[in-house]
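The values are calculated or read from the model by the stated rules, or taken from the named source; none is laboratory data. Model, not experiment: these values are computed from the prediction. In this analysis, Cβ positions are derived from the backbone assuming ideal geometry, glycine residues included, and neighbour counts consider all displayed protein chains.
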């Protein structure tokens, strides 16, 4: 990762392992994930559904449903303090104040029976000593900051009276209202239409600079990653398989899976319409994973060693990327 | 203004319901109910005596004409005199209604409140041992017949075999302490019987609400448990809760008080209705059936308005 000189990371995740007890057995949803995050930086987490990206982020807020979920080992240091195993009360103080999360579905993520103003003030008053009036003023200001026109008037609106984009802006306002050091955005634009997506992303980038936050962006949309993230982490079956600066990852992917993901983005400006390349096969069942590299069953370069041993993350020769592969693309 | 218009529309819409209910009930009581003629006459009545009693009871008129009279009675809220005692139906109801309400209300409110609280606790600790214990007791409560509960409670609290703290029957209320003495055991019985059903129902509603996105959002912003349950969960599951409570009101007022009042010898509407059914006392039955139908329509109306109050997304149309 590109570590700024002389700065301490706001968030350090080390060897995080999370398991879920299911009816058919224990599933390891997150398997040894580590990363660091610095203020002002954006980390993109990319991967297919079920690869463990959302669970990783829920763990950062202590929101992994327990039971059935359980953080087996590893640590999460937020501003220098390990938050794994903190009590409920301490965790509640951290959520929304030191680390905030915005969710995928702005349509359902807000409480439908309270006005947005009420919900904003609620969060502000929980984490600060603001009086009712101060909280109200601050809420109006936050709505203005996220680009909502006539914010004072919008305060009295219920979520169903706002458009999808507006609701997501309200979510962002709520997330930023206590000036957190880390913002986790779980596919914040997936449910929005394309023009709104662009506006919301632009707003988030602006706000990140303004508030000097560290942002974790979970997304399927590699285009958004390319536009906003400094670093990208690609996850597959609960493991990080490639971690690299965004610029390098898109031009020179190291892991065959990353290459496959990039190749499967439709490109409209191609001269002739071709069949879209796909990664063949299916994501393996987390209960019956392959012996060796988890991608080996679908990888066209896999040999016997790939099927027998699990590769660990290492720096690929000639790049800034860390890759978990025996035969990374640039090296062959 | 919007609410007034809405109310008017709803009431007009409720008229067919009232007509249907009263027509069918009246048909049944006229053709299949007991005939009071010979009960009122002495031995060996003459043909003229029979004739005059039948005229007095209104039995000699054609059915439709009697039904129209019934409708007029509902509109004017005047149901004539009881066939059995000759007392005015209105004054019978005026005497017994408050007793029934006094008997049934505490159990109804406490049963629902307790059910809600237990359901919230169970749902919050979902699939933990607290949840399992509460749900276990609910099933036990649901499985025991009401009759057994009444008899058991009377034995435990009202007899020399048990604690003997309360009277087992009757209603002799002149002060608050009298009221508490007579109302306690029936209330406990009602709560015991209703609690299991209420808890299970409310728990299902609340568990569903707890899985919603906005509850997760609230958690992600550090909402403490009590506030989470109140603001996010309870406030959002009020529609099914209100529906259940409101729709059980007409049933509880009539059938709930019928059983309770019979077993505890309380002279309320339930007891009066029960006696009127067995004796074919048509004026009382007509009043009870008609008023229940009207109560139902009003309940529907109030329920709809309450939906609007608790959920800003609902519009009155």
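Quick look at the values:
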read-out	value
Residue satisfying condition, being closer than 19 Å to residue B:244 by Cα, in a helix (DSSP H, G or I) and over 14 Å from the mean Cα position of the chain (by Cα), within set B:263, B:307, B:274	B:307
Of all residues making up the stretch A:275-296, the number that are surrounded by 16 or more Cβ atoms within 10 Å (Cβ to Cβ), over 12 Å from residue A:256 (Cβ atoms) and out of contact with any strand residue (DSSP E or B) (no Cβ under 9 Å at 6 or more places or on another chain)	3
Qualifying residue in the stretch A:117-125 (condition: in contact with a helix residue (DSSP H, G or I) (Cβ under 6 Å, 6 or more places away or on another chain), surrounded by 20 or more Cβ atoms within 10 Å (Cβ to Cβ) and facing chain B (nearest Cβ under 8 Å))	yes
Candidates B:187, B:217 - the one that is assigned to a helix (DSSP H, G or I) and closer than 24 Å to residue B:249 by Cβ	B:187
Residue check for residue B:41: over 16 Å from residue B:283 (Cβ atoms), surrounded by 14 or more Cβ atoms within 10 Å (Cβ to Cβ) and either modelled with pLDDT under 85 or touching a strand residue (DSSP E or B) at 6+ places or on another chain (Cβ under 9 Å) (or both)	yes
Unique residue being surrounded by fewer than 23 Cβ atoms within 10 Å (Cβ to Cβ), within 29 Å of residue A:78 (Cβ to Cβ) and either over 17 Å from the mean Cα position of the chain (by Cα) or within 14 Å of another protein chain (Cβ to nearest Cβ) (or both) when the list is A:210, A:199, A:168	A:210
Listing of helices (runs of 4 or more DSSP H) fully contained in the stretch B:1-96 that carry 1 or more residues being more than 28 Å from the chain's Cα centre (by Cα) and closer than 30 Å to residue B:307 by Cα	B:2-32
Filter result for residue B:162 (free of Cβ contacts under 8 Å to residues at least 24 places away in the same chain, more than 13 Å from every other protein chain (Cβ to nearest Cβ) and not in a helix (DSSP H, G or I))	yes
Meets criteria (within 20 Å of residue B:215 (Cα to Cα) and within 18 Å of the chain's Cα centre (by Cα)) for residue A:89	no
Unmet requirement for residue A:59, which otherwise passes all of (1) under 26 Å from residue B:211 (Cα atoms); (2) away from chain B (no Cβ under 14 Å)	(2)
Count of residues meeting criterion [touching a strand residue (DSSP E or B) at 6+ places or on another chain (Cβ under 9 Å) and farther than 22 Å from residue A:264 by Cβ] in the stretch A:187-227	10
Considering residues of the stretch A:9-25 that are loosely packed, with under 14 Cβ neighbours inside 10 Å and closer than 12 Å to residue A:72 by Cα only, the residue farthest from the chain's Cα centre (by Cα)	A:21
Residues satisfying the stated conditions in the stretch B:209-243, i.e. more than 7 Å from every other protein chain (Cβ to nearest Cβ) and in contact (Cβ under 8 Å) with a residue 60 or more places away in the chain	B:210, B:225, B:229, B:233, B:234, B:238, B:239, B:241, B:242, B:243
Members of the stretch A:98-116 that are touching a residue at least 60 places away in the same chain (Cβ under 8 Å), more than 7 Å from chain B (Cβ to nearest Cβ) and in a loop (DSSP other than H, G, I, E, B)	A:98, A:104, A:106, A:107
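Table: residues versus (1) at pLDDT below 85; (2) out of contact with any helix residue (DSSP H, G or I) (no Cβ under 9 Å at 6 or more places or on another chain); (3) outside any strand (DSSP E or B).
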residue	(1), (2), (3)
A:7	yes, yes, yes
A:28	no, yes, no
A:31	no, yes, no
A:36	no, yes, no
A:50	yes, yes, yes
A:54	no, yes, yes
A:72	no, yes, no
